[in-house]
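As C-alpha cells, the structure follows; a few thoughts come after it.
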Amino acid sequence: MADIAIENMLVPKAKKKVYAGTSKRTKICIHQTGNNARGADALAHAELQLNNAREASWNIQVDDKRAIRSYADTDKTWHAGARGADMVAIEICVNSDGDYFQAVVNGASVTSQVMKANNRALSDVIQHHDVTRKNCPEQIRGNKDGIDWSDFLRLVASGGTVIPTPVPPVPPKPTPPVIGPPVTPPAVQEFPAIALWEDQSWGSVTTK
C-alpha cells in the first residue's frame, strides 16, 4: 500500500497561531479530533485553521481519504500547551460519515512519513495524553474497532501496511452454580422389635 499523499493548505503567515521560533520536532504527537459530526473531515479541519476559527493549531489533519498540511513541521503549533511546541501534531478525524478504520491507517501512514522526514524513531511517536494527560487520542486509547495504541504503532512502523485484525471479544464463561456436598437425608430411626402387651400400667417397654 502506497503512502497517502499529504496535500498543502498552509495557513498564511498573517493568520498563523504559533509560538515564536522554530520547532525542534523532538516528538510526533498523535491526536484525534473528538468531532464525530458528519462532514468533520480533514478538509473541514483544514478550513477551520485557514479561517483562523480556533485558538489552537496543529500541523496535519487526516481522514479516510486525504491528508492536509496546515503548518510546516518547523512551526511551533498550539496543540498541547508549551510542552508540545517542539512536536509535530497530527490530528486523525473521527467523523461519523467516514471510515474510521481507514482514517487510522492513513494517520499511521502520515506519521511514518513525518518520522522519516524529521529523522525520528518510533519511540518518538507519542499520545497527546503523554503531554497533558488529556484522554486523547480517545478512540485509539479506547481500542475502538479493535485498534489500540500498540496496534497503531505497528501500523506506523510498517507505513500503514500491516493491518491489525480486530479480535472479537471472547464472551465470558457462565459461572457455574456453587454446589456443596450432597445432603444426605437423616436416617429413619428404627427401634428394635419389642413385644408389647397391655398390663394397664406405664412401663419401660411402653416408653420404648
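The values are calculated or read from the model by the stated rules, or taken from the named source; none is laboratory data. Predicted model, so just to flag it, every value in this text is computed and none were measured. A quick note on method: Cβ atoms are made from the backbone with ideal geometry, for glycine too, and the neighbour counts reach across all protein chains shown. Each accessible area value is taken on the protein alone, full model and side chains, heavy atoms only, with ligands, DNA and RNA left out. Shrake-Rupley method; radii C 1.70, N 1.55, O 1.52, S 1.80 Å.
For this structure, a couple of remarks:
- Tally of residues being in contact with a Lys or Arg (Cβ under 6 Å, 6 or more places away or on another chain) and surrounded by fewer than 23 Cβ atoms within 10 Å (Cβ to Cβ) across region 66-91: 4
- Residue within region 158-168 that is on the phi < 0 side of the Ramachandran plot, surrounded by fewer than 21 Cβ atoms within 10 Å (Cβ to Cβ) and in a helix (DSSP H, G or I) present: no
- When Val104, Val94 are screened for being among the hydrophobic types (A, V, I, L, M, F, W, C), open to solvent by 10 Å² or more (accessible area, probe 1.4 Å) and closer than 17 Å to Asn36 by Cβ, only Val94 passes.
- Counting only residues that are of a type outside the set (A, V, I, L, M) and buried (at least 17 other Cβ atoms within 10 Å of the Cβ), region 36-61 holds 7 of them.
- Test: residue in region 53-61 that is without any contact (Cβ under 8 Å) to a residue 40 or more places away in the chain, of a type in the set (S, T, N, Q) and out of contact with any Phe, Trp or Tyr (no Cβ under 7 Å at 6 or more places or on another chain): yes
- Of the numbered criteria (1) open to solvent by less than 40 Å² (accessible area, probe 1.4 Å); (2) assigned to a loop (DSSP other than H, G, I, E, B), the one Val131 fails is (2).
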